[in-house]
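Before any comments, here is the structure.
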Amino acid sequence: MKLNERAVRKDYILEAARQIMAAARTAPKGKGVDLLEIVTLTDEDIDKVAEQMERMAKETGMHFLLRDSENIRQANAMVVIGTHSGPQGLNCAYCGFASCGEKPQEAPCAINAIDVGIAIGSACAKAADLRVDSRVLFSAGWAVEKMGLLPGCRQCLALPLSVSSKNPFFDRKPKEK
């Protein structure tokens, strides 16, 4: 039997994405409370996120969104991690308010944000273990959040994945007007 790497690349990236999602899920959570949602997007779903990023660039004037939209179109898959909002009752003031009771509902809980950060770090480590190219993109996560692809979630981060000769997510040129 002869197995060509190019022929199995799609299968490999999807298996890698499954393992990366598992790594994110098993990452430690504040107070042991799991409020994360984790999904993998491919093909037309990535294109829809890229289109949303292009619209956001026009609305905001943030041209890095154009560069990043081109970047995710080069991804074979994209893992997205977001969190539901759920104050942990620690009254830690990390969110900037003296207590959880004083924090407005629309203000994110810092512990929830930390959980997303730990999960994305674990996901990146697993991607590196699997020799899958990746880059954390706030911009693509922001677009996913605006599109409601992770209903009820905030503070989304995206991790586009690629298996190619050169990592498409580095050595990126700024997008000109």
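The values are calculated or read from the model by the stated rules, or taken from the named source; none is laboratory data. Values in this document were obtained by computation on a predicted structure and should not be read as measured data. Don't worry about glycine lacking a Cβ; one is built from the backbone with ideal geometry, like all the others, and counts go over all protein chains shown. Surface areas here come from the heavy atoms of the whole protein model, side chains and all, with no ligands, DNA or RNA. Shrake-Rupley method; radii C 1.70, N 1.55, O 1.52, S 1.80 Å.
Which count do you get for residues in region 69-92 that are open to solvent by 70 Å² or more (accessible area, probe 1.4 Å) and in contact with an Asp or Glu (Cβ under 8 Å, 6 or more places away or on another chain)?
1
Tell me whether region 115-133 contains one or more residues that are touching an Asp or Glu at 6+ places or on another chain (Cβ under 9 Å), touching a residue at least 60 places away in the same chain (Cβ under 8 Å) and of a type in the set (A, V, I, L, M, F, W, C).
Yes, that holds for at least one residue.
May I ask you to list the residues in region 107-123 that are open to solvent by 20 Å² or more (accessible area, probe 1.4 Å) and touching a strand residue (DSSP E or B) at 6+ places or on another chain (Cβ under 9 Å)?
Pro108, Ala113, Gly117
Select from region 128-161 the residues that are among the basic types (Lys, Arg) and part of a loop (DSSP other than H, G, I, E, B) and write down the one among them that is least open to solvent (accessible area, probe 1.4 Å).
Arg135
Scan region 147-168 and report the pairs whose first residue is over 24 Å from Asp133 (Cα atoms) and touching a residue at least 24 places away in the same chain (Cβ under 8 Å) and whose second residue is of a type in the set (Phe, Trp, Tyr) and part of a strand (DSSP E or B), with Cβ atoms within less than 6 Å and a gap of 6+ or a chain change.
The qualifying pairs do not exist here.
Could you list, in sequence order, the residues of region 53-66 that are part of a helix (DSSP H, G or I) and among the hydrophobic types (A, V, I, L, M, F, W, C)?
Met53, Met56, Ala57, Phe64, Leu65, Leu66
Within region 162-172, does at least one residue satisfy the condition of being in a strand (DSSP E or B), in contact with a Pro (Cβ under 7 Å, 6 or more places away or on another chain) and open to solvent by 60 Å² or more (accessible area, probe 1.4 Å)?
So far as region 162-172 goes, no, none of its residues is in a strand (DSSP E or B), in contact with a Pro (Cβ under 7 Å, 6 or more places away or on another chain) and open to solvent by 60 Å² or more (accessible area, probe 1.4 Å).
Which ones in region 18-52 are at pLDDT 95 or above, aliphatic (A, V, I, L, M) and outside any helix (DSSP H, G or I)?
Result: Ala27, Leu35, Leu36, Ile38, Val39, Leu41.
Please find, within region 93-106, the residue that is most open to solvent (accessible area, probe 1.4 Å) out of those that are modelled with pLDDT of 90 or more and closer than 19 Å to Gln155 by Cα.
In this case the residue turns out to be Tyr94.
Give me the residue from region 1-25 that is hydrophobic (A, V, I, L, M, F, W, C) and open to solvent by 70 Å² or more (accessible area, probe 1.4 Å) and, out of that set, farthest from Ala75 (Cα to Cα).
Quick first cut of region 1-25, residues hydrophobic (A, V, I, L, M, F, W, C) only: 1, 3, 7-8, 13-14, 16-17, 20-24.
Add one more test, that the residue is open to solvent by 70 Å² or more (accessible area, probe 1.4 Å), and what stays is 1, 3, 7.
Numbers: Met1: 29, Leu3: 22, Ala7: 16 Å.
The selected residue is Met1.
Quick one: in region 26-68, of everything that is hydroxyl-bearing (Ser, Thr, Tyr) and in contact (Cβ under 8 Å) with a residue 40 or more places away in the chain, which residue is most open to solvent (accessible area, probe 1.4 Å)?
Step one: filter region 26-68 for residues hydroxyl-bearing (Ser, Thr, Tyr), giving 26, 40, 42, 60.
Filter once more, so that each one left must be in contact (Cβ under 8 Å) with a residue 40 or more places away in the chain: 26, 40.
Values: Thr26: 112, Thr40: 44 Å².
Restricting to residues being hydroxyl-bearing (Ser, Thr, Tyr) and in contact (Cβ under 8 Å) with a residue 40 or more places away in the chain, the top hit is Thr26.
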